[in-house]
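As structure tokens, the structure follows; a few thoughts come after it.
The values are calculated or read from the model by the stated rules, or taken from the named source; none is laboratory data. Quick caveat: nothing in here was measured; it's all calculated off a predicted structure. Please note: Cβ atoms are built from the backbone with ideal geometry, for glycine as well, and neighbour counts cover all protein chains shown. These accessible areas exclude ligands, DNA and RNA; they are computed on the full protein's heavy atoms, side chains included. Shrake-Rupley method; radii C 1.70, N 1.55, O 1.52, S 1.80 Å.
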Amino acid sequence: MSAYISIFDPMNDGLVLIPTYNERENAELIIRKVFSLPKAFDVLIIDDGSPDGTAQVVRELQNEFPGRLFLEERRGKLGLGTAYIHGFGWALKHGYSYIFEMDADFSHNPDDLSRLYEACAVEGYDMAIGSRYCQGVNVVNWPMGRVLMSWFASAYVRFITGMPIADATAGFKCYSAEVLRTIELDRIRFVGYAFQIEMKWLAYKYGFRIKEVPIIFTDRTRGTSKMSKGIFKEAFFGVVQMKVASWFRRFDRTSVASSDAISVTTATPAR
């Protein structure tokens, strides 16, 4: 009999979504690390037809982690945003209460999953963001030019949107299922870097409570980065598009009594 908890066990309420494209070098390591954590999480890999055999690595591990490790294979590289939206739909269909976004390359430390979970499941926030910039600049192994570009991108988002979020482009997050049920996922416009901004923007506009949890972001040491100039261009112009589009859209969650319910909190870093 397997020692692992099935997805139907209410005690195992968190699902970690990990999109992959050519992450064979990282896939097994990141999966094993997540499953080694004291808090039990399930994992869903969304693979975009990686030619390096990433999906095969995951399929082999499914025999070792039955009922805990899941794989969705898509044909071709369809974009980060669509991968996460696919995973969100899968998570809601299977009844998870807390859904996480995390990179496969260890730039997001899996140990921080428990801190994001606690912010939502214990402290009652609707979204928790693993933030690089809420307490200084906590980035390791990035060239200074990329650090400045990332930091100023978040400053630009704050200026245009008014969101009081220090790390507006962060991709390490925990959502309550209510957030994903409320946001109309089929209306998400962006598939690249701007996707991360758009999800925060919609959660903010719908009045969900957001908490930034300070993390240390470490650049990948294995595999190849998927960032490109086109991704940054989408984000730059996309922020203005999102702001203008919001003027013609209603954000009418009935559970939000007033704009005072909207808040962003910075947590104390782990010791």
Worksheet item: Looking at this structure, is Ala170 crowded, with 22+ Cβ neighbours inside 10 Å, within 20 Å of Ser246 (Cβ to Cβ), of a type in the set (A, V, I, L, M) and within 15 Å of the chain's Cα centre (by Cα)?
Response: no
Worksheet entry | Pick from the stretch 236-259, criterion open to solvent by 50 Å² or more (accessible area, probe 1.4 Å) and in a helix (DSSP H, G or I), ranking: modelled with the lowest pLDDT | Ser259
Worksheet item: Got a number for residues in the stretch 206-235 being at pLDDT below 90, at negative phi and surrounded by 14 or more Cβ atoms within 10 Å (Cβ to Cβ)?
Response: 9
Item to complete: Taking the options Phe106, Phe88, Phe65, name whichever one is farther than 19 Å from Ser50 by Cβ, in contact (Cβ under 8 Å) with a residue 40 or more places away in the chain, surrounded by fewer than 21 Cβ atoms within 10 Å (Cβ to Cβ) and aromatic (Phe, Trp, Tyr).
Response: Phe65
Worksheet item: Could we say that Pro19 is part of a strand (DSSP E or B), under 23 Å from Met127 (Cα atoms) and open to solvent by 10 Å² or more (accessible area, probe 1.4 Å) here?
Response: yes
Worksheet, complete the sentence: Okay, helices (runs of 4 or more DSSP H) sitting entirely in the stretch 125-205 with 3 or more residues that are at pLDDT below 90, I get 144-161
Worksheet item: Name the pairs: first residue in the stretch 117-129 and within 14 Å of Leu180 (Cβ to Cβ), second residue of a type outside the set (Val, Ile, Thr) and assigned to a loop (DSSP other than H, G, I, E, B), Cβ to Cβ under 6 Å, at least 6 apart or on different chains?
Response: Asp126/Phe208; Asp126/Arg209; Met127/Phe208
Fill in: Matching option when the condition is open to solvent by 60 Å² or more (accessible area, probe 1.4 Å), of a type outside the set (Lys, Arg), modelled with pLDDT of 95 or more and closer than 19 Å to Asp111 by Cα, among Glu60, Glu28
Glu28
Discussion item. I'd like the residue in the stretch 120-142 that is of a type in the set (Gly, Ala, Ser) and in contact with a strand residue (DSSP E or B) (Cβ under 8 Å, 6 or more places away or on another chain) and, out of all such residues, is surrounded by the fewest Cβ atoms within 10 Å (Cβ to Cβ).
Written reply: Ala121
